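Undergrad: Encoded as structure tokens, here's the structure I'll be asking about.
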Amino acid sequence: MCRETLQLRPFDKLFAHTVVGWVPDEELLWLAPSTLPPLTVDKVIGWTKPTDRPLLLFRDDEPAPCGYAELNPLRSTGQAMWLGHVVIAPALRGQGLGAAFTRRLVAEAFADTRIERVVLIVFPDNEAAIRCYRANGFRQTGEERHRFRPQGSACTMMRLELSRALAECLGNRGRAQ
């Protein structure tokens, strides 16, 4: 993993079918709680608004992506980015690629000098994701209650944030480690 070259590229709709193939119905709730199963190409394409930045992760010179995520402006402030829909190809999970992807996304967010923090929410039982985010400096700043349409009941989510100052202190500059 240390020798790989990782690149973020703008999302190309031609790869929506690839993203669909990475998400079995039982994982869809964690990835996209407002999306009803089954996941489809149209639903993946529909996740973003015109101001959002869907991104694909490519490694080395491989023609197919190995990750998908979005960096979206936090609408309540011009100083934060929202990290959402983060997913790695299942065959590549558990190898540190998610952590490297997160570092790349953080570096991309902080390349905009107006951005002071990156924010996300995660289900508290999504332990692998929480470990990944915490390893990259994200800290819990609270909880949020959300009512997602598919399940109808309210869910408590963990809110995690990474400030620019902490990212710089940790040396989180998007290196592919």
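Undergrad: Taking only the stretch 47-79 into account, find how many residues are of a type outside the set (D, E, K, R) and within 22 Å of G21 (Cβ to Cβ). Can you show your working first?
TA: Step one: of the stretch 47-79, the residues of a type outside the set (D, E, K, R) are 47-48, 50-51, 54-58, 63-69, 71-74, 76-79.
In the following step, the residues that additionally are within 22 Å of G21 (Cβ to Cβ) were identified as 47-48, 54-58, 63-69.
Number of matching residues: 14.
Undergrad: For the stretch 70-176, please list each of the helices (runs of 4 or more DSSP H) lying entirely inside it that holds at least 2 residues being more than 23 Å from P10 (Cβ to Cβ).
TA: So the answer is 127-135, 164-170.
Undergrad: Being closer than 17 Å to W82 by Cβ and touching a residue at least 40 places away in the same chain (Cβ under 8 Å) is the filter; apply it to the stretch 127-149 and report the residue that is nearest to the chain's Cα centre (by Cα).
TA: A129
Undergrad: If you don't mind, another one. Inspect all residues belonging to the stretch 128-140 and state whether any of them is modelled with pLDDT of 95 or more, closer than 30 Å to P38 by Cα and aromatic (F, W, Y).
TA: yes
Undergrad: If you go through the stretch 48-60 one residue at a time, do you hit one that is of a type in the set (S, T, Y) and without any contact (Cβ under 8 Å) to a residue 60 or more places away in the chain?
TA: As a first pass, look at the stretch 48-60 and keep what is of a type in the set (S, T, Y): 48, 51.
Filter once more, keeping what is without any contact (Cβ under 8 Å) to a residue 60 or more places away in the chain: 48, 51.
Yes: the stretch 48-60 contains one or more residues that are of a type in the set (S, T, Y) and without any contact (Cβ under 8 Å) to a residue 60 or more places away in the chain.
Undergrad: A further question on this structure: Scanning the stretch 8-31 for residues that are part of a loop (DSSP other than H, G, I, E, B) and out of contact with any helix residue (DSSP H, G or I) (no Cβ under 6 Å at 6 or more places or on another chain), which turns out surrounded by the most Cβ atoms within 10 Å (Cβ to Cβ)?
TA: Filtering the stretch 8-31 for residues that are part of a loop (DSSP other than H, G, I, E, B) and out of contact with any helix residue (DSSP H, G or I) (no Cβ under 6 Å at 6 or more places or on another chain), the one surrounded by the most Cβ atoms within 10 Å (Cβ to Cβ) comes out as F11.
Undergrad: Can you name the number of the only condition in (1) under 20 Å from H146 (Cβ atoms); (2) in contact with a Ser or Thr (Cβ under 9 Å, 6 or more places away or on another chain); (3) modelled with pLDDT of 95 or more that A64 fails?
TA: All conditions are met except number (1).
Undergrad: Now, a different point. Could you look through the stretch 32-57, keep only residues that are at pLDDT below 95 and either part of a helix (DSSP H, G or I) or surrounded by 20 or more Cβ atoms within 10 Å (Cβ to Cβ) (or both), and pick out the one that is nearest to the chain's Cα centre (by Cα)?
TA: A32
Matching residues to (1) among the aliphatic types (A, V, I, L, M); (2) loosely packed, with under 14 Cβ neighbours inside 10 Å:
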| residue | (1), (2) |
| --- | --- |
| R114 | no, yes |
| D125 | no, yes |
| N136 | no, no |
| R139 | no, yes |
| E144 | no, yes |
| R147 | no, yes |
| L160 | yes, no |
| S163 | no, no |
| E168 | no, yes |
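Undergrad: Say we look at the stretch 30-58 and pick out the residues that are touching a Lys or Arg at 6+ places or on another chain (Cβ under 9 Å) and of a type in the set (S, T, N, Q); which of these is farthest from M158 (Cα to Cα)?
TA: Applying the filter and picking the extreme gives T51.
Undergrad: Further question on the same structure: Of all residues in the stretch 108-135, how many are touching a strand residue (DSSP E or B) at 6+ places or on another chain (Cβ under 7 Å) and of a type outside the set (A, V, I, L, M, F, W, C)?
TA: 5
Residues are listed down the side, and each one gets a yes or a no for (1) under 23 Å from E26 (Cα atoms); (2) of a type in the set (F, W, Y):
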| site | (1), (2) |
| --- | --- |
| G96 | yes, no |
| E108 | no, no |
| C132 | yes, no |
| F138 | no, yes |
| S163 | no, no |
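The values are calculated or read from the model by the stated rules, or taken from the named source; none is laboratory data. In this text, all values refer to a predicted model and were calculated from it rather than measured experimentally. Counting neighbours? That spans all protein chains shown, and the Cβs are built from the backbone with ideal geometry, glycine included.
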